[in-house]
Amino acid sequence: MIKKLKKNKNINVNQTSFYFEDYLETNKKNKFTQKNNIFHDRIYLLFFLFFSLILIFGIRIIHVSLNKIEVYNKTDSSKEFTLLRRDIVDRNGILISRNIKSYHAAIDPKLITNKDNFLIKLRLNYPDINIKKIEKKINHGKYFYLKKRINQSDKKKLWNLGEKGIIFEPFQTRIYTHANLFSHIIGQVDYDNYGVSGIEKYFDKDLKNRNLANQALKLTLDVNLQHLISKELNNALKTFSSNGGASLLMNVENGEILSLVSLPNFNINERKEVKDKKYINKITKGVYELGSIFKTFTVAIALDNEIVSPKTIIQDIPKSINCSRYKISDIKEFPKDLTVEDILIRSSNIGTLLIARKVGEEKFKKFIKDTELLNSPDLEIEELGKPINFNWNKCKLETVSYGHGITTTPLQATTVYAALVNGGIKIKPSLVKIKNDKKSNRIISKQTSDKINKILRKVVIDKEGTASLADVDGYYVAGKTGTSQNYQNKNKNLNSFISVFPSHKPKYALLVMLENPQVAKDLIYDYRGMKIKGTRNEAGWNSVYVAGKIIKKIGPILAIKNNDFSYQYVVEKIN
C-alpha cells in the first residue's frame with residue numbers, strides 16, 4: 001500500500017491530513033477579507049459623515065443667502081416694523097414726508113467691563129461731552145440715555161466703539177425730504193408722532209389710520225413748481241431788499257393749490273418751536289390791506305349789475321376828493337375823462353371811487369358776503385387768519401373800492417380772482433386731491449367774467465397798464481397790481497400782483513407779494529423793449545417783475561403751449 005503511494009510523486013508521505021494546508025490558507029484569506037471589509041466599512045462611514053456635514057452646511061448656506069437676517073442688539077425686538085403714520089406725497093407721487101426707524105443711544109452700566117476704557121473712548125470721540133456727568137451716572141448703575149434721536153452718523157460712530165454697554169433703542173421718527181420747502185404747509189409732528197401743525201395736524205387721525213398705512217396721502221402741490229417759485233422768490237427778496245414775501249399758484253377751475261410759498265421759512269426736520277411772527281404763513285394766516293387788487297372787484301360789480309360797460313366814459317374825474325375828514329387822491333395825474341376799463345388799466349383811485357358810488361353800498365356788501373372776503377379761509381390747515389371786522393361808516397364804500405380800510409388774506413383774494421376769471425363760479429381752495437364738488441355758486445355772470453379777462457389782459461399789454469413786466473411771450477398773462485401800506489406797520493409797503501393765464505381761457509392764478517421792498521437801483525429792466533434802471537417802488541416794478549420771471553420758469557411744466565392761444569392772439573390784433 002505504501003509502495004503504491006510512493007510511486008505517486010504528487011503525494012507527500014509525511015502529510016497527516018489532505019485538508020490541513022487548504023485550511024490554513026483559507027483561514028488566512030478569511031482573516032484578511034474580514035479586516036479588509038472592516039476597513040471599507042469605516043471608509044464608507046467616514047464618507048457618509050463628511051457628506052452629511054457638507055450637505056447640512058450647504059443647505060444652511062443656501063437658507064442664509066435666501067433670507068435677509070437683520071441683526072439686533074439685546075434691546076431690539078423681533079417685532080415687524082409697522083409705520084405709525086402714512087407717507088405724504090405731492091400730486092406726482094414724489095415723497096414729502098415719511099416715518100423711518102431711528103434710535104436713541106442709551107448706556108447700561110451693568111454691561112460695561114472696563115469703565116475707565118469706556119470713558120476714554122467716549123471722550124476721544126465726543127470731546128464736548130460731560131464725562132464727569134456720564135461717569136457719575138455709570139457709578140449709580142442705572143440704565144440712562146446718552147443721547148436721544150441720534151442720526152446715522154452718530155449711530156455708526158458709537159457702534160464702532162465696540163462697547164456692549166451702549167444700547168440702541170429703536171423708535172420711529174418723521175422726516176421731511178424737502179426740509180424748508182413745505183414748512184408752512186406740511187407742519188410737524190411731536191416726539192410721539194402726533195401732528196402739531198399744518199397738514200400733519202389737520203389729517204392726524206387719517207394719517208395714523210393703520211388700514212391705510214400703505215396708501216400715501218396725496219396733495220395737490222407740485223414739488224418742482226414749489227422749488228422753482230421758491231427759488232425765484234428768494235432771489236427777489238435779495239434783489240429788492242424785502243423783509244419777506246409770498247406766492248400762491250392755484251388752478252382756477254377746481255381750486256387745487258399747486259404751490260404755496262411763504263418766506264422766510266424754516267427747516268421742519270429740526271422740530272423747533274417757531275414763535276417769531278415773521279415766520280407765519282403769509283398766504284393763509286397773514287391779514288393785509290391789498291390795495292388796488294380790490295379795484296377789479298369794484299369794476300366787476302358794476303359790470304355785472306349793468307351799471308356800466310367797459311367803454312362807459314366816467315367824465316370830469318377830479319384830481320382829489322374830500323370824503324369826511326379824509327382827502328383821497330391819485331398817485332399820478334390822469335386825464336379827466338376815462339373809460340371804465342381805462343380806470344382799471346391805469347389804476348385810478350378816484351375813477352374807481354366814482355364807479356363804487358354808482359354801484360352803491362348794498363351791492364358792494366352783497367359781493368363781499370358772497371365771496372367771503374371777510375371770512376377766514378377754508379383750507380386743510382389750521383394756520384388761518386381772520387380779516388379785521390369794520391363798520392360801514394361814512395366814506396367806507398369809497399375807500400374799500402380801491403382796497404383801503406379793508407383787510408383779507410392773500411388766499412381769499414386769489415380765490416375771488418379765480419372765480420372772476422373762470423366764468424364766475426366760486427371755487428374752494430384745496431391742498432389735498434379730492435373729487436370735484438359738482439355744486440357751484442355763481443359770483444358773476446359768464447359775460448362779465450369774459451369782460452374782466454379782457455380788461456386784465458390790457459393791464460399787462462396796454463401802454464398805460466401797470467403790469468407790462470409780466471408780459472411773457474406765449475403765455476398771455478393778465479392781472480392786476482396792488483401797492484398798499486402794511487396794515488400792521490404804516491411805514492412799510494406791501495406790493496402785490498395777482499396774475500391769471502392764459503387770459504382767453506384762464507386756468508391758473510398766481511399771486512406774488514413782497515413785504516416792504518426797496519428800489520432795486522442796480523437792476524436793469526427790459527421795459528417795452530427799452531433797457532432802463534428802476535427808480536420806483538411800486539408793485540409794477542417789483543411784484544410784477546418777479547411774477548414774470550416765475551411764469552417764464554413754470555410755464556413749460558404747466559404744459560401751456562403757444563398754439564393754444566392763437567384765438568386770443570387774433571383778438572388782440574383786431575382790437
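Listed by first and then second residue, the pairs linking a residue in segment 511-527 that is under 26 Å from Leu225 (Cβ atoms) to a residue that is outside any strand (DSSP E or B) and of a type in the set (Lys, Arg), with Cβ atoms under 7 Å apart and 6 or more places separating them unless they lie on different chains, are Met513/Lys282.
Please indicate, with yes or no, whether at least one residue in segment 218-225 is at pLDDT 95 or above and assigned to a strand (DSSP E or B). Yes - at least one qualifying residue is present in segment 218-225.
Can you work out which of the residues in segment 496-518 that are of a type in the set (Ser, Thr, Tyr) and in a strand (DSSP E or B) is farthest from Gly482 (Cα to Cα)?
Of the residues in segment 496-518, the ones of a type in the set (Ser, Thr, Tyr) are 496, 499, 503, 508.
Next, only the ones that are in a strand (DSSP E or B) stay: 496, 499, 508.
Values: Ser496: 5, Ser499: 11, Tyr508: 19 Å.
The extreme case among them is Tyr508.
Pairing each residue of segment 541-555 that is within 13 Å of Ala246 (Cβ to Cβ) with any residue that is in a helix (DSSP H, G or I) and of a type in the set (D, E, K, R), provided the two are 6+ apart or on different chains, yields C-beta distances under 9 Å for Val546/Glu232; Ile550/Glu232. Asp76 fulfils the conditions (1) of a type outside the set (Val, Ile, Thr); (2) at pLDDT below 60; (3) part of a strand (DSSP E or B) except for a single criterion, (3).
Say whether the condition of being surrounded by fewer than 16 Cβ atoms within 10 Å (Cβ to Cβ), on the phi < 0 side of the Ramachandran plot and either under 40 Å from the mean Cα position of the chain (by Cα) or of a type in the set (A, V, I, L, M) (or both) is met by at least one residue in segment 329-349.
Let us first name the residues in segment 329-349 that are surrounded by fewer than 16 Cβ atoms within 10 Å (Cβ to Cβ), namely 329, 331-333, 335-337.
Within this subset, residues satisfying the condition of being on the phi < 0 side of the Ramachandran plot are 329, 331-333, 335-337.
If we keep only those that are either under 40 Å from the mean Cα position of the chain (by Cα) or of a type in the set (A, V, I, L, M) (or both) as well, we get 331.
Yes, segment 329-349 contains a residue that is surrounded by fewer than 16 Cβ atoms within 10 Å (Cβ to Cβ), on the phi < 0 side of the Ramachandran plot and either under 40 Å from the mean Cα position of the chain (by Cα) or of a type in the set (A, V, I, L, M) (or both).
With respect to being touching a strand residue (DSSP E or B) at 6+ places or on another chain (Cβ under 9 Å) and modelled with pLDDT under 95, Ile532 fits the description. In segment 221-237, the count of residues that are surrounded by fewer than 18 Cβ atoms within 10 Å (Cβ to Cβ), in contact with a strand residue (DSSP E or B) (Cβ under 7 Å, 6 or more places away or on another chain) and not assigned by TED's automatic domain parsing to the domain that holds Lys285 is zero. For first residues located in segment 483-495 and more than 17 Å from Lys332 (Cα to Cα) and charged (D, E, K, R), partners that are crowded, with 21+ Cβ neighbours inside 10 Å and modelled with pLDDT of 90 or more and lie 6+ apart or on another chain with Cβ distances below 8 Å form the pairs Lys492/Glu515. Kindly evaluate Gly403 against the criterion of being on the phi > 0 side of the Ramachandran plot, crowded, with 18+ Cβ neighbours inside 10 Å and either touching a residue at least 40 places away in the same chain (Cβ under 8 Å) or part of a helix (DSSP H, G or I) (or both). Yes.
When Thr414 is tested against (1) in contact with a strand residue (DSSP E or B) (Cβ under 6 Å, 6 or more places away or on another chain); (2) modelled with pLDDT under 95, only condition (2) is not met.
For segment 383-399, taking the residues that are out of contact with any strand residue (DSSP E or B) (no Cβ under 9 Å at 6 or more places or on another chain) and among the basic types (Lys, Arg), the one that is surrounded by the fewest Cβ atoms within 10 Å (Cβ to Cβ) is identified as Lys386. Filtering segment 156-207 down to residues that are farther than 15 Å from Ser102 by Cα and among the aromatic types (Phe, Trp, Tyr), which residue is surrounded by the fewest Cβ atoms within 10 Å (Cβ to Cβ)? Top of the filtered list is Tyr194.
The values are calculated or read from the model by the stated rules, or taken from the named source; none is laboratory data. Since the model is a prediction, treat every value here as computed from it, not as a measurement. Backbone-built Cβ (ideal geometry, glycine too); neighbour counts: all protein chains shown.
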